[in-house]
Each structure stands twice: as structure tokens, then as C-alpha cells.
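To start, the structure under review is shown below, and the notes come after it.
Derivation of every value follows stated rules applied to the coordinates shown; laboratory data play no part. Since the structure is predicted, the reported quantities are computational estimates derived from the model, not experimental observations. A quick note on method: Cβ atoms are made from the backbone with ideal geometry, for glycine too, and the neighbour counts reach across all protein chains shown.
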Amino acid sequence: MRHVSVAILAASVLALASSPSGARQGSLGWPDDHSGCAVDRLLTVSLRGDTLVMLSGHIFSVDKADVVDTRSWDSGDFVFICVGEMINKDKLNDRATVILQR
């Protein structure tokens with residue numbers, strides 16, 4: 001009986017790991033390894049691309065060298081927020097250096 005329970009548990013873990021929607025941050029099924037990053041969505045991007053407002057309410061300023069990229073980012077884009085960097089998963093892992101303002 002114990003072997004059956006272990007087999008069922010192992011199958012459940014494999015199913016979750018192979019499905020990003022069911023995976024948790026830092027697990028095998030999480031896209032890439034952004035385990036030290038927060039997950040959020042863009043609410044708005046300023047016209048110049050120098051300010052990013054997140055769905056969570058956080059506001060980030062963008063390094064001047066990266067505004068060329070962030071101007072093309074869209075509301076609703078799925079991003080990872082890491083220390084000093086934002087990675088846009090909806091724009092092929094486009095990256096920008098950011099500073100938390102609020």
C-alpha cells in the first residue's frame with residue numbers, strides 16, 4: 001500500500017512540474033529559474049517608457065538606456081521583478097534595469 005501512495009505522489013509532482021500553470025515559483029515547472037524574483041503584471045507604461053506601474057501598485061523608474069525597449073511593453077504583460085531588473089516574459093525575456101519608486 002505504501003508503494004502505491006508513493007507512486008501516486010510522484011505522478012502528481014511530475015504532472016505539476018510539467019505544467020507551468022500548475023507550477024509554483026522556484027519549482028521545476030516554473031519557466032526559467034527566477035526563484036528569487038517577484039511575479040507581477042504591467043498596469044501601465046508611460047509614453048516615454050521611463051515609468052512602469054504594476055498591477056500590485058508598485059511604481060518603477062527605468063534606466064535611460066532601457067527605455068527604448070520598455071516603450072514597446074504593454075499593459076497586462078507578465079513580468080518577473082528581480083533585484084534591480086525587470087524581465088518581460090511576454091516580450092521574449094526582454095530585460096530592463098529598474099529602480100523601485102513606490
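The set of residues in region 60-82 that are of a type outside the set (Asp, Glu) and surrounded by 14 or more Cβ atoms within 10 Å (Cβ to Cβ) comprises Phe60, Ser61, Val62, Val67, Thr70, Arg71, Trp73, Phe78, Val79, Phe80, Ile81, Cys82.
The residues on offer are Leu47, Leu52, and the sole one that is of a type outside the set (Gly, Ala, Ser) and outside any strand (DSSP E or B) is Leu47. Going by the conditions given, is Arg102 surrounded by 14 or more Cβ atoms within 10 Å (Cβ to Cβ) and among the basic types (Lys, Arg)? No.
Tell me whether region 80-99 contains one or more residues that are part of a loop (DSSP other than H, G, I, E, B), without any contact (Cβ under 8 Å) to a residue 60 or more places away in the chain and touching a Leu at 6+ places or on another chain (Cβ under 7 Å). No, there is no match, as no residue in region 80-99 is part of a loop (DSSP other than H, G, I, E, B), without any contact (Cβ under 8 Å) to a residue 60 or more places away in the chain and touching a Leu at 6+ places or on another chain (Cβ under 7 Å).
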